[in-house]
Amino acid sequence: MSATYAHRRHAVRARLRENELDAILVTDLLNIRYLTGFTGSNAALVVHAADEPGAEQRTVFCTDGRYLTQAEAQVPDLARVIDRASDLELAKRIGAEATEHRRVGFESQHVTVDRCDALADAAGKADLVRAPGIVEKLRLIKDETEIEALRMACAAADRALADLIEHGGLRPGRTELEVARELETRMLDHGAAGPSFATIIAAGSNSAVPHHRPTDRVLASGDLVKMDFGALVDGYHSDMTRTVVLGNAADWQREIYELVRAAQTAGRGAVQVDADVKAVDTAARSVIADAGYGEQFLHGLGHGVGLEIHEAPMLSQRGDGRISAGMAVTVEPGVYLPGQGGVRIEDTLVVRPSTPELLTLTTKELVEV
């Protein structure tokens, strides 16, 4: 993995030169993990723009004494400094090397105003420049190591849901909370380090609430049950939603389910290289709007997923940009009828040069449990 992290830092150096920066102080822990593999709770990293031989020797990683052994194991290829105030210590080192015109970026989107002032003081003559998104823009495109982690996370979620249904975990008389806890346990059984986020189990009229939190509400025959959940593997998140019916589906349930399924198919089909994110959203949204349920589709079509459960790009009318090969995104249209019930169907997929790779493989046919 050291070569993978070195390759990512090489890409950062190219972006620094494009932005006329001499170095960047990385303080966001997810970005540090992406660039080094370090998983502790306190760290900072300086990457220099110069790409001459020996450039990696100028990259400096800092954490505190609690992580001395962990840093030796996870970051064996970089110079390591031990200091509790990791960001300030590296800012001081930047200042000690600086000339009056040295430009050093920092992750302004992750730093408070007070901390920004403290970093500027520590950096002395170095010119600290706001440089949001330098690493995040690289994280948009997943490499094959990341895609394999996503693939494993999706598989853990798929298998957990299959086990839940096979062993009678979805049945009248159980509560939403009981189902959520069992589903999360089964994801652990299939290799997940934990859930990607707080599992959503929404039964009956609760399924009309897009982000309903599970309660003691008891599942009943005839309920729509919406399940939005994911597994965490090697720091990467999966995200999937399936909606089932307990018992025989009513006509209105079949109608909105098939409508959402058609919209989801249209949305997945629109996820193509160079497609505008707004156009992808429109492809699915127009199916629902044309059927008269446009006002009941209450959120964007999807989002990027990776080291965070919600990353760029955002597939919505408020999103910006175009789809590129290597992006991992969700497609999750829904129709929500207040007081009655709702349906959402969601997949995680990876954009490929031709057809996207579907990572969540559980059937999207209407399941009557």
Which listed residue is assigned by TED's automatic domain parsing to the domain that holds P313, under 28 Å from Y236 (Cα atoms) and assigned to a loop (DSSP other than H, G, I, E, B), from R213, R159
R213
Scan the stretch 156-212 for residues that are more than 18 Å from G341 (Cβ to Cβ), hydroxyl-bearing (S, T, Y) and over 25 Å from the mean Cα position of the chain (by Cα) and jot them down.
none
Hey, does the stretch 270-282 have a residue that's without any contact (Cβ under 8 Å) to a residue 12 or more places away in the chain and part of a helix (DSSP H, G or I)?
yes
Subset of the stretch 297-343 [buried (at least 16 other Cβ atoms within 10 Å of the Cβ), part of a loop (DSSP other than H, G, I, E, B) and among the charged types (D, E, K, R)]
E308, E332
Does the stretch 175-182 contain at least one residue that is surrounded by fewer than 21 Cβ atoms within 10 Å (Cβ to Cβ), closer than 28 Å to G235 by Cβ, acidic (D, E) and modelled with pLDDT of 95 or more?
yes
Checked pairs for the stretch 46-72, first farther than 16 Å from R8 by Cβ, second in a loop (DSSP other than H, G, I, E, B) and small (G, A, S), C-beta under 7 Å and 6 or more apart or across chains, list as C62/A43; T63/G40; T63/A43; Y67/G40; Q70/G40
Residue match in the stretch 267-284 (condition: surrounded by fewer than 21 Cβ atoms within 10 Å (Cβ to Cβ), modelled with pLDDT of 95 or more and within 30 Å of L219 (Cα to Cα)):
no
L78 fails exactly one of (1) more than 19 Å from L140 (Cα to Cα); (2) under 28 Å from the mean Cα position of the chain (by Cα); (3) in contact (Cβ under 8 Å) with a residue 60 or more places away in the chain, namely (3)
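The values are calculated or read from the model by the stated rules, or taken from the named source; none is laboratory data. None of these values were measured; they are calculated from a predicted model. Methodologically, a virtual Cβ is constructed for each residue, glycine included, from the backbone with ideal geometry; neighbour enumeration extends over all protein chains shown.
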